[in-house]
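To start, the structure itself, in structure tokens.
The values are calculated or read from the model by the stated rules, or taken from the named source; none is laboratory data. This is a predicted model, so every value here is computed, not measured. Every residue, glycine as well, gets a Cβ built from its backbone with ideal geometry; the counts of neighbours run over all protein chains shown. Quick note on the areas: whole protein, heavy atoms, side chains included, nothing else; ligands and nucleic acids left out. Shrake-Rupley method; radii C 1.70, N 1.55, O 1.52, S 1.80 Å.
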Amino acid sequence: MEFEHIPVLYNETINALNVKPDGIYADGTLGGAGHASGVCKLLNKEGRFIGFDQDAEAIKTATQRLSEYKKNTNIDIVKSNYVNMPSVLKEMGIDKVDGILLDIGVSSYQLDNGERGFSYMEDAKLDMRMDKDNPLSAYEVVNTYTKEDLARIIRNYGEDNFANNIAKHIVQRRNEKPIETTFELAKIIKESIPAKIRVNGGNPAKRTFQAIRIEVNKELEVLEKSIDAMIDMLNPGGRLAIITFHSLEDRIVKNKFKEAEDPCICPKTFPVCVCGRVPLGKQITRKPIIPSEEEISNNKRSKSSKLRVFEKA
């Protein structure tokens, strides 16, 4: 299957990065190199681009697609989770960069490739690993986590009001035999939700599949851990652009950017700041940039996307 992924908010993201031809830019979620191509075509021979992805298939595709730009600029591609970006760049002799891009979440290719086990619409073995070397898969989460942990994950990461009931049904079913496929899991979820809710609430498996995927790949932990380090890596005027696809991700980015812009921890009653914390920069996007109606009509998966941008002081 060909790695197809339509980059969302493409023009908005490239413009937001404010690319300098001789600058250094990093993409922590390379995917099919959609946004990366837009950055690389703006760089000259003094410029440099470093792309990260933990998916071997994405690395292979991106390497091919970015090969045409190698004659005009310097390109490195690294198989690694973006949380490792600071240490990897340091090993490469890079202390600061002029821009960083993150396009968070699962790619269209990963969703559409049934064998990867991300989708409740395709029958496959439970997997959901973005990095196939990850020892934790959806199978282990579904079949070994306690009922309490399953309920917590589904409630916190899937924001599903029926988390406890879904977790209870999963445990009951796996006590009979291991739950091995996406369709098996989707059927259990469907049976755990009242019929009247299923009629009006879209596919009942959506929230639980999202929750398990986030747990398998530690997506929220990695995002929260990475933002401060990435802001620190920026040159003055450098920008961090992050695209999210659901409220849990967007909330983390919003709060981290707000904290970086106003890090003061003094009580509001203090007339002046005495904590000594200074702003690290400013939010370019007071409100997130969202896709146009035209983009949504051309790519329905862009509908929930939001772009936030932070500029280093």
### Query
When you go through LYS60, LYS79 one by one, which is the residue that is in contact with a helix residue (DSSP H, G or I) (Cβ under 9 Å, 6 or more places away or on another chain) and open to solvent by 70 Å² or more (accessible area, probe 1.4 Å)?
LYS79
### Summary
Listed by first then second residue, the pairs whose first member lies in region 91-120 and is over 20 Å from LEU223 (Cα atoms) and modelled with pLDDT under 90, whose partner is open to solvent by 20 Å² or more (accessible area, probe 1.4 Å) and of a type in the set (A, V, I, L, M, F, W, C), with beta carbons under 8 Å and at least 6 positions apart or on separate chains, are TYR109/MET1; ASP112/MET1; ASN113/MET1
### Query
In region 205-214, how many are open to solvent by less than 10 Å² (accessible area, probe 1.4 Å) and either assigned to a helix (DSSP H, G or I) or among the hydroxyl-bearing types (Ser, Thr, Tyr) (or both)?
5
### The lone exception for ALA229 - which of (1) touching a residue at least 60 places away in the same chain (Cβ under 8 Å); (2) out of contact with any Pro (no Cβ under 9 Å at 6 or more places or on another chain); (3) small (Gly, Ala, Ser) it fails
(2)
### Task
Kindly provide the set of residues from region 25-57 that are hydrophobic (A, V, I, L, M, F, W, C), outside any helix (DSSP H, G or I) and crowded, with 24+ Cβ neighbours inside 10 Å, ordered by number.
ALA26, LEU30, ALA33, PHE49, PHE52
## Note on the structure
Listed by first then second residue, the pairs whose first member lies in region 20-43 and is more than 19 Å from VAL8 (Cα to Cα), whose partner is of a type in the set (Ser, Thr, Tyr), with beta carbons under 9 Å and at least 6 positions apart or on separate chains, are PRO21/THR73; LEU43/TYR25; LEU43/TYR69; LEU43/THR73
### Summary
Every listed condition ((1) in a helix (DSSP H, G or I); (2) over 17 Å from the mean Cα position of the chain (by Cα)) holds for ASN72 save (1)
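Every residue, every condition in (1) assigned to a helix (DSSP H, G or I); (2) farther than 28 Å from ASP250 by Cβ; (3) among the polar types (S, T, N, Q); (4) at pLDDT below 95, yes or no:
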| position | (1), (2), (3), (4) |
| --- | --- |
| TYR139 | yes, yes, no, no |
| ASN143 | yes, yes, yes, no |
| GLU148 | yes, no, no, no |
| ARG152 | yes, no, no, no |
| ASN164 | yes, no, yes, no |
| ALA167 | yes, no, no, no |
| ARG173 | yes, yes, no, no |
| ALA186 | yes, no, no, no |
| ILE197 | yes, no, no, yes |
#### Entry: Wholly within region 228-313, strands (runs of 3 or more DSSP E) carrying at least 1 residues that are of a type outside the set (Asp, Glu) and either surrounded by fewer than 17 Cβ atoms within 10 Å (Cβ to Cβ) or on the phi > 0 side of the Ramachandran plot (or both)
234-244, 281-283
### Query
For region 82-97, which residues satisfy the criterion of being open to solvent by 20 Å² or more (accessible area, probe 1.4 Å) and not in a helix (DSSP H, G or I)?
MET92, GLY93, ASP95, LYS96
### Query
LEU101 is checked against (1) within 15 Å of ILE212 (Cβ to Cβ); (2) among the hydrophobic types (A, V, I, L, M, F, W, C); (3) crowded, with 22+ Cβ neighbours inside 10 Å and fails just one. What number does that condition carry?
(1)
